[in-house]
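Have a look at the structure below before the remarks.
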Amino acid sequence: MTTVDTITSRLLSEHGRTYVREAGITLRDKPAPLYQLLVLTVLCSVRINAGIATGAARELFRAGLRTPRAMAGSGWQDRVDALGRAHYVRYDESTATALGDGARLVLERWRGDLRRMREQAGDDPDALRRSLREVPRIGPVGAGIFCREAQAVWPWLRPFFDDRACEVAKGLGLPHTPRALGRLVPPEDHARLAAALVRVGLSKGAARELRAA
């Protein structure tokens, strides 16, 4: 096994947990789980610990806010309280507002079903990212987060590795373009590999340990 193979295998086995899984989302090509991914994306789109963001998503979902209709119909204070229980501080009030506004946009623009966003994008990743950036709080980084995870159920996005994932791959001595990274693992593992690279990039010691493999 080559060094590249060893590092890739360890990436998947030690760090290959997607963020949707950590947030308790069973991702499918269905309206509710796709919306839940959008909520997670909004939560991850500020400078906050990823573990706190996924915990905040779980807290919102436990409060029953799993669909755009439920989110739009919820009270602002209820959203703030759910975020507070997850220690999602500093951004709790602005994020509660963004979630409410975003839910209303999803209902109005795509009738509550993000598969319509995909259809409007014509299976064009750039067009999809532009549509995602219309959602309050989601910028270029957030659009990348959504696509990174959504490729698990939208195969036409594969291989999707954003700039952050590619930069970490380069530091590990791996191929560092989306197409080259995609060749390292089966297509169904692209989302896991992308998440693993991001997790390693956020860890202080993980990259050093992998390079020593």
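The set of residues in the range 66-77 being without any contact (Cβ under 8 Å) to a residue 40 or more places away in the chain and either over 21 Å from residue 148 (Cα atoms) or buried (at least 23 other Cβ atoms within 10 Å of the Cβ) (or both) consists of 70, 71, 72, 73, 74, 75, 76, 77. If we scan the range 129-139, do we find a residue that is over 30 Å from residue 165 (Cβ atoms) and surrounded by fewer than 15 Cβ atoms within 10 Å (Cβ to Cβ)? No, because not a single residue in the range 129-139 is over 30 Å from residue 165 (Cβ atoms) and surrounded by fewer than 15 Cβ atoms within 10 Å (Cβ to Cβ).
Is it fair to say residue 152 is in contact with a helix residue (DSSP H, G or I) (Cβ under 7 Å, 6 or more places away or on another chain), at pLDDT 95 or above and on the phi < 0 side of the Ramachandran plot? Against the criterion (in contact with a helix residue (DSSP H, G or I) (Cβ under 7 Å, 6 or more places away or on another chain), at pLDDT 95 or above and on the phi < 0 side of the Ramachandran plot), residue 152 qualifies. Inside the range 138-163, residues that are within 8 Å of the chain's Cα centre (by Cα) and of a type in the set (S, T, N, Q) make up a count of 0. Return the residues of the range 38-65 that are surrounded by 19 or more Cβ atoms within 10 Å (Cβ to Cβ) and either under 15 Å from residue 139 (Cα atoms) or modelled with pLDDT under 95 (or both); say none if nothing qualifies. The answer is 38, 39, 40, 41, 42, 43, 44, 45. Considering (1) more than 25 Å from residue 114 (Cα to Cα); (2) in contact (Cβ under 8 Å) with a residue 12 or more places away in the chain, the lone condition that residue 13 does not fulfil carries the number (2).
Considering only residues in the range 129-149 that are touching a helix residue (DSSP H, G or I) at 6+ places or on another chain (Cβ under 6 Å) and part of a loop (DSSP other than H, G, I, E, B), the one that is farthest from residue 96 (Cα to Cα) turns out to be 133.
The values are calculated or read from the model by the stated rules, or taken from the named source; none is laboratory data. These figures come from a predicted structure and were not determined experimentally. No Cβ is skipped: glycine too gets one built from the backbone with ideal geometry, and neighbour counts run over all protein chains shown.
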